Every structure is written in structure tokens, then in C-alpha cells.
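Take a look at the structure set out below.
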Amino acid sequence: MMATEILMPALSPTMEEGKLAKWLVKEGDKVAAGDILAEIETDKAVMEFEAVEDGVIGKLLVPEGAEGVAVSTPIALLLEEGESVDAASAPAPAPASTAPAPAPQESSAASAAPAAPEAPDDPQIPPGTEMRQTTVREALRDAMAEEMRRDEGVFLMGEEVAQYQGAYKVSQGLLDEFGARRVIDTPITEMGFAGLGVGAAFAGLRPVVEFMTFNFAMQAIDHIINSAAKTLYMSGGQMPCPIVFRGANGAAARVAAQHSQDYAAWYAHVPGLWVAQPYSAADAKGLLKSAIRSDNPVVFLENELMYGEAFEVPALDDYTIPFGKARIWREGTDVTLVSFGIGMKWALQAADALAGQGISAEVIDLRTLRPMDTATVIKSVQKTNRCVTVEEGWPVASIGNHISAVLMAEAFDWLDAPVLNVTGKDVPMPYAANLERHALVTAQEVVEAARAVAYR
Amino acid sequence: MAKTKSTPKTNTSGEELRAFYRQMLLIRRFEEKAGQLYGMGLIGGFCHLYIGQEAVVVGLEAVAREGDKRITSYRDHGHMLACGMDPKGVMAELTGRAGGYSKGKGGSMHMFSREKDFYGGHGIVGAQVPIGTGLAFADKYRGNDNVTFTYFGDGAANQGQVYESFNMAELWQLPVIYVIENNQYAMGTAVTRASSTPELYTRGEAFNIPGEQVDGMDVLAVRDAGRRAAEFVRAGKGPYILEMKTYRYRGHSMSDPAKYRTREEVQKVRAERDAIDHVRDLLLQGKHADEAALKEIDKEIKAVVNEAAEFARESPEPDLSELWSDIYAEAAGGAE
């Protein structure tokens, strides 16, 4: 007779820890398989957690309300009838809220990431402005809410954006504040609702169309490109299309090839579109507000793995960031690292590691891919004479390829080494954990590329 | 659910018949002229003529109100003329000139007029259907009683996005009239060879959208069906489908050898069902006009079309700076 440990479950592909929101059983309760034991708050939603076998709750190891409980931490002991807790020799309860267990896998620097770096000085933020720790998820929601308050014509539509509060909780609270007229759940018909959004935009409204992920936007890409991006031109300037297509882009975790693709290069290719792929919460907020106000169709590429990351966001009434301006996160003299979106994580980690090896890296976040601030990259390369690009997407016809070509044409005489592109591997994303790790970019690969161009 | 074949009771006036005659004749003569200019090399690319289908747009425009919107496919010249766009601007767009509605940058398939609430002119089969549904969404959002006429052909009627649109339009009770212009051929494929259920007016049944089949060669039947549809839709009862049985006399585009049907088939429709001849007969029989009066109208229309063609030939090609304009609605802030 052995007590069974009930472990903190992984309730989403990206969940590494969660909050034990509520116990629905107490010690001594008899439970049957299928009974709901607890409510657990993940990065996406509050989920009910069921017993998988019959027994008696011997001990609750993690108190109600505990945050940051790592996946696989024992949270309760399940006894067989007649068994006592003492006999079962309970393990020490996990100190949940103080020390989250290390992430299960990730040998790369990813899981060991320090708190997100502070954003460099932003000239648009007046000195003395209060800075608030905000997740990317909250920043995106705040941007939409502010713009919806400001302009009656702004509305949000997509799958699960309203009653469900967003598949990734990005639209949490918007239905309550703005009602069903302006926060609209759609059928799972991407081509149809993307086209409908384009029509509403032609008629002068400002739709924000959420794709649950951009993988599904391939069903709608005809409307994004043929209908939204080209019509202003084809109409001789008569028919602007003020629409934002936004949602999660790129690899999440263990969801394999059809759900793990970075579309940066695809959309950046298209004249008529604006394309943003922000990294920090402040940029996510400022750029999304600009995107909603723009009369241009905007593709706004977010990242599921970044939604929960917190950054400082200025507490300003109206914080917007212009498209086409890169942000220099870190100044350096030996090599320029250029990235955007989640690639910035690997670039900044690599810059830390390189500093330890005596190589000073300048790190540039493009923030928007169309228009793209190549001037800032060129200026940096004129100083460092070396450049490494970092992105999650595939290597062929990538953003890095474009930057390489621009540098060759416009900064050839300043280059002391070939520009290297660190990219995702040229394969469909595999499912197996080890293969997936190898398919993705790592900070170590960025470090190696930087050392290669620095000949060190 | 109404899916009856219409039985038009001709309730009309001499004034209305003369207006229909004039509008349909304008479309036909305009298209004939476009065909000539194409043959002369003045119009390039794809050019899809509307000859034969004139009664559809003319009959429906008769029930449109200020603020109603319309959107269609690439066979769009007739729709533009019927909603009052300037023949000069349309023809100059066909010739790719600065005086065209899109400054020469859109061509035959891509023209728009905000002033006339004409939302294109779309080159991808079926794409205009969700867009038209979105135009209707905007009217519902704003709470007005305007409707959107969303035209598409029998070919597009098999597109998946059409049904995605039907679903949302009924779900959200959007004020949209779906007009299926069934001209019998999707390019060279007859309806019966492409559609498992060729009775296209029934295609809304699964969504609870009423549908009607209408003789699209009879402008009065079209007008009456349009009136019923518009009344239903304006009352907030959701979308409505009109299947217009019509016929295109010319090829799919100018480069169509039309081997998929016989010359006799085309001649038979022209001889027995022609929309313009029908109105001409009604005018003469009802003594609303005599031959001389009709000849006068013919002459006027000819002059308008000749003037449009002249304008389209004389208008300069777009300035080379136009290559780089209208890509973005505002200066793309920042570098590059």
C-alpha cells in the first residue's frame, strides 16, 4: 500500500508553472476518478483539475493561492482507504511561491534567463515617468482597450476573443467593458472573417482581427495580401484599409510543424502592409496603438512564449511608438546583433555571454519589419564592422538575408567579415523535445556566430 | 423559406422603361467599344465584358438608396456604369491612363468609387463575398438601414468563403443581398459540370437564408425581386439570396475562343431573351416611345460612349511618380 503523489499538471503546451487558485477538496475527503480536485490558473486560463484514481485526500501539500508552482511539483497525497498519512511518509511540501522549480527541459540559456532586461532610455518617455511591470499579454490588452475607448470605430473580432476571454487571455476583460457589439466571437472560418474585416475597414471601421495563431492565417492570406495590402494602390489611393491582423506567431512549445512557423519574412515581403514583431511589452503596447490608428493594413506578429514575460511599461496616457524605428537595446563596439520578436531573447542572452568573453555586442531590435529601419543597422555596422542576424524563421529568403543584402549594397566597405544569419533550421518543426530544441535558434548559436565574425 | 421562381407583374411607367433602356444600352455600347479598343491594342490584360447581363445591375440599381453599397467581381464595367460612375473615368482606366478611376493602376478588374459606394472590382474569384459581407457588417455596426449588394457568379458560388460568409451574415443578421449572376458558364465550365446542385438560389438553405431564382434577362423581374430582397434585408431580417439567370454573349474574357458552347446557343438567347430588345418591345407596344424617340436615345448613348473612348485615348499615361504613390495611406514613419 503506497500513497500516490498528485503532481502539478501541465495544462497547456507552454505551461511551466501555475497558480493553485483553489482547492475543491480537503484533507480526509474521499474522491473518485473524475472528481474535480482543484482549480489551477495557467498562463492561459483557469482550469479544473481532476482526480485520475479513487482514494482519500491524505494531505494537501501546496496551500490554496500559491503562485509559481512548477509543473510536476507534488501538490497533494492520495491515500488508499485505511492508509494514514504518517505511514505514507509525505515528502516535504514544495516551497511554491518562493522558489519556482527549474523549467523541465531547455538546456540552453533560455530557462535560466534573468528577469527581462530593462529597456534602454526612450526619448519619448519624459523623465520621472512611472514605470510599471507589465506582461506583454497585458500590454496588448491595454493597447486595444485604450484605442477602443478612444475610437468607437475600433472593434475586435476573432475566435474565442469574447466569452472565452481570448485563447491566450490577451483579450481578457474586453467583452465586459465594450460589450458583444465590439468584441465579437467568430466561427472558425479564418478566410471568411478576415475578408469580412477587410470589408468593414473599407467602409471606414477599424477592425482588429485576431488569429488564434498565424498558422491559421494561411487560410486567410489571400485577403491579407490581395484584398487588404493591394487595394489602396489598385484604387488609385481611394480605398485605404485600416485593419490590424494580430495574433501569436512562431513556435510555441511541442506543437509540431503545422503550429510552429514564423511568418516574419512572408509578410515583410509585401508592399502595402506594415509589419510589426515586437519583443518588449512597452513596444508591444506602443506599436499596437500605432497599428490601430494607422490607415494601413498591419500584420502584428506576437509570440505565445512572450505573452507572460513582464517588462517595464511607462504609465503614460497615450504611449505610442512609430513604425520604422529600431531600438538599440545595448550598445557595443565589436559586433552588431540584429533581431526582432523572440529572437531578441537569444540575442540579448548571447550579448551577455559575449561580454563575459570580452566581446562587446551592440544589440538592435528592429521592432517593425515593414517599414524596416535599416539605417540604424547600417550606422551600427559602420561602427562594429560585423553583423549577425537572429530570427526564428527559416533560413531561405529570410529577414537576415535581406539585411545581409542591404549591408552588402550600402555598407560593403565597412564590413570586416561576412554577415551571418542565425535562423531556425531548414526543417518543418519536429515534435520530439530534443529535435525541437535543435530546430530552434539558441543563444549559444548566436554566440558562436558572433565569435566567428569577430574571428575569436 | 421563399425559393420561388419570380413571376413578374409588370408594373412600370414609360419614364422608368426609358431609363432602363438608356442604362442598359449604355452598358452594351460601352462594352462593345471596349471590345473594339481591346482589338486595337489600347486596352491590355484581362477584359471581361458584361454584354448580355445588363438587366441584372440595371434592375437592382433601381431599388438602391443613397448610402447602399455594391461590390462585385472582375466583370465589373456594367456595375460601375449602372451606379452612376462616369463612363470616361471607367474607359480611361481600361486604357491605363491617368484619367481612370484608379489613375491607371487598377485596370479593368480593379476600380472603385467612394463617392458612388462602389467597392470594386475584385480579381480573385469569390473574394468580394466576405468583403461585401463586411461592408454590410459596418452598416449594422453603425445602426443605419443601408444594404450591400454583393454580386458574384455561378463559378464563385462554389467557393468555400461564400459559405463562411453566408454563415456569418445569417448568424449576425447582416444587411446583405447576395446576387448570384448565373450566366451559365464559369469561364468555360457549364454550371452543371461544376455544381452538384445547380439550383444556386437554394444554396442558402443550410443557413436559413431565403433565396429566389429570377429571370435575369427581364429587368422588371429583377427590379421586383430586388425590391422584395431589399425590403426584407432593410427590415433587419438578415441576408437574402437572388439567383439571376442570365447569359453572357461574349467570351469569358477577350481571349476566350468559346469552344465550350455553340454559336447557335448564343444566337438563340440573343434572339429570344435579349434584355434590351425586351424593354424596347415594351416601350413600343405600350406606346411609351416610337422608333424615332428610341433612335434619339441610341444617338445620345453613342455620343456618350464615343466621348468616353476619346477621353480614354487622349488622357495621358500616369506620371512615373505614380509607380510609388498610394502604396501606403500615410508617410511610413521612419527609415527607408
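For this structure, a couple of remarks:
- Verdict on A:Phe245 being touching a residue at least 12 places away in the same chain (Cβ under 8 Å), in contact with a Gly (Cβ under 6 Å, 6 or more places away or on another chain) and away from chain B (no Cβ under 12 Å): no
- Any hit, the range A:156-165, residues being over 12 Å from A:Arg141 (Cβ atoms) and surrounded by 24 or more Cβ atoms within 10 Å (Cβ to Cβ): yes
- Test for B:Gly35: is it touching a residue at least 40 places away in the same chain (Cβ under 8 Å), part of a helix (DSSP H, G or I) and under 13 Å from the mean Cα position of the chain (by Cα): no
- Subset of the range A:262-318 [within 14 Å of another protein chain (Cβ to nearest Cβ) and charged (D, E, K, R)]: A:Asp283, A:Lys289, A:Arg293, A:Asp295
- Here B:Ile124 meets each of (1) closer than 26 Å to B:Arg280 by Cβ; (2) free of Cβ contacts under 8 Å to residues at least 24 places away in the same chain with one exception, condition (1).
- Test: B:Gly59 is under 27 Å from B:Pro198 (Cα atoms), under 12 Å from the mean Cα position of the chain (by Cα) and either assigned to a helix (DSSP H, G or I) or facing chain A (nearest Cβ under 7 Å) (or both): yes
- If you go through the range B:51-62 and keep only what is farther than 11 Å from B:Met217 by Cα and touching a strand residue (DSSP E or B) at 6+ places or on another chain (Cβ under 9 Å), you end up with B:Leu60, B:Glu61.
- Only one entry in A:Ile243, A:Ile225, A:Ile221 is modelled with pLDDT of 95 or more and buried (at least 24 other Cβ atoms within 10 Å of the Cβ), namely A:Ile243.
- Each residue in the range A:219-232 was checked for being more than 10 Å from chain B (Cβ to nearest Cβ) and farther than 18 Å from A:Pro271 by Cα, and 0 of them qualify.
- Residues of the range A:375-411 classified as touching a helix residue (DSSP H, G or I) at 6+ places or on another chain (Cβ under 7 Å) and either part of a loop (DSSP other than H, G, I, E, B) or surrounded by 22 or more Cβ atoms within 10 Å (Cβ to Cβ) (or both), total: 17
- Some residue of the range A:1-8 being over 24 Å from A:Gly250 (Cβ atoms), touching a helix residue (DSSP H, G or I) at 6+ places or on another chain (Cβ under 9 Å) and surrounded by fewer than 16 Cβ atoms within 10 Å (Cβ to Cβ): yes
- Residue count for the range B:259-293 satisfying the condition of being assigned to a loop (DSSP other than H, G, I, E, B) and either more than 17 Å from B:Met24 (Cβ to Cβ) or not aliphatic (A, V, I, L, M) (or both): 9.
- Residues that are surrounded by fewer than 24 Cβ atoms within 10 Å (Cβ to Cβ) and either facing chain A (nearest Cβ under 9 Å) or under 18 Å from the mean Cα position of the chain (by Cα) (or both), drawn from the range B:141-158: B:Tyr141, B:Arg142, B:Gly155, B:Ala156
- Filter result for A:Asp122 (in contact (Cβ under 8 Å) with a residue 24 or more places away in the chain and part of a helix (DSSP H, G or I)): no
Condition check ((1) crowded, with 17+ Cβ neighbours inside 10 Å; (2) out of contact with any strand residue (DSSP E or B) (no Cβ under 7 Å at 6 or more places or on another chain); (3) within 14 Å of chain A (Cβ to nearest Cβ); (4) over 30 Å from B:Gly14 (Cβ atoms)) across all residues:
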residue: B:Pro257; (1), (2), (3), (4): no, yes, no, yes
residue: B:Ile276; (1), (2), (3), (4): yes, yes, no, no
residue: B:His288; (1), (2), (3), (4): yes, yes, no, no
residue: B:Ile301; (1), (2), (3), (4): yes, yes, no, no
residue: B:Val305; (1), (2), (3), (4): yes, yes, no, no
residue: B:Glu310; (1), (2), (3), (4): no, yes, no, yes
residue: B:Glu330; (1), (2), (3), (4): no, yes, yes, yes
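- Hey, B:Val90 assigned to a helix (DSSP H, G or I), away from chain A (no Cβ under 12 Å), out of contact with any Ser or Thr (no Cβ under 8 Å at 6 or more places or on another chain) and at pLDDT 95 or above or not: yes
- Of all residues in the range B:93-106, those satisfying the criterion of being facing another protein chain (nearest Cβ under 8 Å) and within 17 Å of B:Tyr74 (Cα to Cα) are B:Gly100, B:Tyr101, B:Ser102, B:Gly104, B:Lys105, B:Gly106.
The values are calculated or read from the model by the stated rules, or taken from the named source; none is laboratory data. Nothing here was measured: the structure is a model prediction, and the numbers come from that model. Here the Cβ is made from the backbone with ideal geometry for all residues, glycine too, and neighbour counts use every protein chain on show.
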